[in-house]
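See below for the structure under consideration.
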Amino acid sequence: MSRSISIEVPDELLELLGSEEETGKEAKRSLVLGLVRRGKISRAKAAELLGIDLWDLPTFLSEYRMPWFDYSRKQLE
């Protein structure tokens, strides 16, 4: 199930992103990646929500300067 929401976006952002459609896509990406950063959803769930293959997610995350692995030194040891 999916729902549409409406948000106000400054004209400057619309100009930077090129169109309302691209702005909507970027808003969705940002929302999903924010949930990943806060540990609310897994990377696998993020890939599913974004409609991309899990194997493509590391490349996608790198475009947003987000690491694929996010472990502390202690966790890695």
(request) Name every residue in the range 4-43 that is open to solvent by less than 100 Å² (accessible area, probe 1.4 Å) and either touching a residue at least 12 places away in the same chain (Cβ under 8 Å) or on the phi > 0 side of the Ramachandran plot (or both), in order of residue number. (result) 9, 18, 23, 27, 29, 32, 33, 36, 39, 43
(request) Those residues that are charged (D, E, K, R) and closer than 18 Å to residue 60 by Cα, I need them from the range 8-43; list them, please. (result) 22, 25, 26, 28, 29, 37, 38, 43
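The values are calculated or read from the model by the stated rules, or taken from the named source; none is laboratory data. Values in this document were obtained by computation on a predicted structure and should not be read as measured data. Every residue, glycine among them, receives a Cβ derived from its backbone with ideal geometry; neighbour counts consider all protein chains shown. What goes into the accessible areas is simple: the full protein's heavy atoms, side chains included, and nothing from ligands, DNA or RNA. Shrake-Rupley method; radii C 1.70, N 1.55, O 1.52, S 1.80 Å.
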